[in-house]
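The values are calculated or read from the model by the stated rules, or taken from the named source; none is laboratory data. The structure displayed is predicted, hence computed values, not measured ones. All Cβ positions, even for glycine, are placed from backbone atoms using ideal geometry, and neighbour counts span all protein chains on display. For accessibility, only protein heavy atoms count, side chains too; no ligands or nucleic acids. Shrake-Rupley method; radii C 1.70, N 1.55, O 1.52, S 1.80 Å.
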Amino acid sequence: MTNRIKIFYDGECPFCTNYTQLLELKKSVGEVQLIDLRIDSNEHYVEKFTNSGLDVDQGMVVEYLEKQYYGAKAINVLAELSSGATKTSAVYGALFSNRIVSAVLYPMMKLGRSVTLAILGRSHILESSKKSSSFELIAFVWFLFSILHAIVYATQFRAPILGSMYLMVGLSMAGLVFRRNQGILLMLMLTVSLLDAWWQMPTFSNHTILKNFFLLIVTASLIISNKDGMSKLDLMALIKPGGRALLLTMYFFGVFHKINTGFLDTEFSCAMSLWQQMPFSIGSVSIPFIEYASIYGTLVIETLLFVCLLLNRLRHYGIIIGITFHSILALSGYAFYAPFSTLTIILHLLFLSEAQTESIVRAKSYQSIRRGIANPLGFSIAILWYVIIHFLCSVESYSEAGLVWLIMPLFIVYLVHKYAGEAIVGNETEIFRLKSRSNVVNLISVLFVFNCITPYLGLKTAQSMNMFANFRVESGQSNHLLVPLNAQIFDYAKDVVEVVHGGSPGYVSYFSEQGYHLVYYDLLDKLERDRSLKVSYLRNGELFEGQSFDMLPQSEKNRLHSRLIRKWFNFMPVYPKTPEVCTLHS
């Protein structure tokens with residue numbers, strides 16, 4: 001009479017699979033039942049072992065003679081039972097039949113398994129049993145955002161394109177095609193994005209600072225989840241509150257910064273400038289009603305979105321209206337706004353519950369698009385979409401580029417409207433949170449709020465989410481209607497110089513020729529970064545001619561913080577006349 005043996009193992013781990021096949025158990029124990037814990041029908045085994053305190057990601061399980069063996073003991077039992085009929089199985093048997101040897105070697109085997117799964121882009125068993133549809137959806141849109149982010153830097157910003165940018169586009173394309181490996185591709189993308197963000201800083205772009213804070217939240221969440229062995233579902237539970245806080249902060253200050261004399265003036269308001277650049281000549285319609293509607297309508301919509309996203313009953317509508325609102329803004333030919341709009345789409349999607357995103361991800365239309373991009377024809381269309389947008393941006397046809405981009409947000413609005421609305425909102429399995437379980441993530445959210453407050457304190461004026469707000473606080477003046485100038489407790493923004501001669505072509509020369517003044521701290525920063533630069537400027541009525549950084553007294557040099565701080569601590573150029581007509585850095 002033979003005894004039955006059951007081996008529970010990871011079917012996607014090549015090592016585990018090969019090991020079970022190498023052992024010649026049938027000749028010694030008879031019937032052998034191999035049970036792959038990856039197969040859906042075996043999920044109850046995963047639950048059973050987990051409830052018994054066994055982590056199936058840390059070791060296989062063997063049941064023999066009504067006894068259960070786990071990890072190193074399981075390997076030891078299998079080795080003892082192996083007949084050693086083949087030379088290979090004999091070697092395995094000799095090694096692992098010794099309990100001390102198996103106990104020593106087993107941790108190395110576990111490490112090898114983890115590395116192998118990571119290289120192959122495969123998740124752990126418990127991760128697979130706790131899949132996150134939010135992770136899938138956010139990853140999909142993030143790959144699209146990264147492509148657009150590279151385009152705007154290459155064309156509109158005309159920033160130096162580093163190898164990291166090309167790598168980001170390549171990884172994004174790969175992530176769209178190789179869906180099964182999108183986890184490892186997203187990890188690589190995160191690493192490259194962090195490095196690229198560091199190299200590109202500082203920059204005026206508001207979408208960049210929002211992206212960088214989101215990257216910090218994702219990075220902190222990943223470190224915590226890996227340390228605690230969390231699933232993707234748990235990872236998203238850490239990320240979501242932080243991302244939601246970023247979007248709500250953006251909307252709050254997007255409205256608050258605009259409560260100033262410049263934005264509310266129809267002659268100078270950026271709302272009018274963006275409207276006038278709308279496609280199909282609709283922006284050429286200029287009557288008082290439309291002028292005031294574009295200004296005050298912006299304030300009303302952004303306030304409404306802030307409120308809707310906070311309320312359970314209105315959140316679904318807030319998500320749809322928010323994505324639609326930013327999609328319309330991206331059609332303006334004033335700038336290539338699509339990367340920022342795509343980033344806000346990602347943050348809006350974080351307001352969906354797991355049940356809602358699961359409904360979207362399971363939809364046939366979503367699955368068809370994901371499968372379609374993975375085939376040669378679909379991938380060719382995706383490449384063509386990228387090339388057309390890149391070309392249109394390179395010739396500054398931003399409205400046309402926005403129209404080509406519009407295919408993507410329209411599809412997402414359709415999915416959210418049709419499928420997310422059918423799922424339970426605020427279901428019992430997922431409580432809506434704005435506070436993360438991670439204090440580190442919460443700290444990053446608080447720092448983003450502080451980043452937006454800094455202009456009122458007299459600190460940095462760039463990247464404070466003053467998105468086309470006509471907001472000014474420099475030169476001892478403020479155009480804000482609610483915050484008094486005496487709120488500035490620092491003098492950085494007050495100390496402004498007029499550049500008489502900007503030296504060699506570059507940042508200083510360009511803005512001085514355009515009639516702009518510079519915050520003195522900003523000028524010192526530019527001089528320190530380029531020691532060959534010599535600039536003549538007026539400061540407090542005194543002319544300083546041909547000044548380089550090395551010529552400055554030590555007391556002036558000491559004003560500068562380290563370059564690490566200056567990556568975050570930067571200023572907008574200052575137009576001396578107020579109010580100022582809208583510009584890209586308004």
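Checking each residue in segment 430-478 for being out of contact with any Lys or Arg (no Cβ under 7 Å at 6 or more places or on another chain), buried (at least 20 other Cβ atoms within 10 Å of the Cβ) and not in a loop (DSSP other than H, G, I, E, B) picks out 441, 444, 445, 448, 451, 452, 455, 456. The residue of segment 352-393 that is surrounded by the most Cβ atoms within 10 Å (Cβ to Cβ), among those that are out of contact with any Asp or Glu (no Cβ under 7 Å at 6 or more places or on another chain) and outside any helix (DSSP H, G or I), is 352.
Can you confirm whether segment 304-324 contains a residue that is open to solvent by less than 20 Å² (accessible area, probe 1.4 Å) and either charged (D, E, K, R) or not in a helix (DSSP H, G or I) (or both)? Checked segment 304-324: at least one residue is open to solvent by less than 20 Å² (accessible area, probe 1.4 Å) and either charged (D, E, K, R) or not in a helix (DSSP H, G or I) (or both).
Assess whether residue 563 counts as being of a type outside the set (Ser, Thr, Tyr), touching an Asp or Glu at 6+ places or on another chain (Cβ under 9 Å) and at pLDDT below 95. It is true that residue 563 is of a type outside the set (Ser, Thr, Tyr), touching an Asp or Glu at 6+ places or on another chain (Cβ under 9 Å) and at pLDDT below 95. Picking from residues in segment 479-509 that are modelled with pLDDT under 90 and part of a helix (DSSP H, G or I), the one that is most open to solvent (accessible area, probe 1.4 Å) is 486. Can you pull out the residues in segment 516-538 that are closer than 19 Å to residue 201 by Cβ and in a helix (DSSP H, G or I)? Scanning segment 516-538 gives 521, 522, 523, 524, 525, 526, 527, 528, 529.
Scanning segment 242-265 for residues that are among the polar types (S, T, N, Q) and either part of a helix (DSSP H, G or I) or touching a Phe, Trp or Tyr at 6+ places or on another chain (Cβ under 7 Å) (or both) yields 249, 260.
What number of residues within segment 145-183 satisfy the criterion of being free of Cβ contacts under 8 Å to residues at least 24 places away in the same chain and open to solvent by less than 20 Å² (accessible area, probe 1.4 Å)? So the count comes out to 1.
Yes/no per residue for (1) open to solvent by less than 20 Å² (accessible area, probe 1.4 Å); (2) more than 29 Å from residue 196 (Cα to Cα):
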residue	(1), (2)
212	yes, no
221	yes, no
232	no, no
237	no, no
244	yes, no
271	yes, yes
277	no, yes
283	yes, yes
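Here segment 530-572 is the region considered, the condition is being aliphatic (A, V, I, L, M), within 30 Å of residue 209 (Cα to Cα) and free of Cβ contacts under 8 Å to residues at least 24 places away in the same chain, and the residue that is least open to solvent (accessible area, probe 1.4 Å) is 565. The C-beta contact set for segment 388-400 (first residue in contact (Cβ under 8 Å) with a residue 40 or more places away in the chain and under 19 Å from residue 281 (Cβ atoms), second residue assigned to a helix (DSSP H, G or I) and open to solvent by 20 Å² or more (accessible area, probe 1.4 Å), distance under 8 angstrom, 6+ apart or interchain) comprises 398/392; 400/392. Checking each residue in segment 191-228 for being touching a residue at least 12 places away in the same chain (Cβ under 8 Å) and either over 24 Å from residue 449 (Cα atoms) or not in a helix (DSSP H, G or I) (or both) picks out 192, 201, 202, 203, 204, 205, 225.
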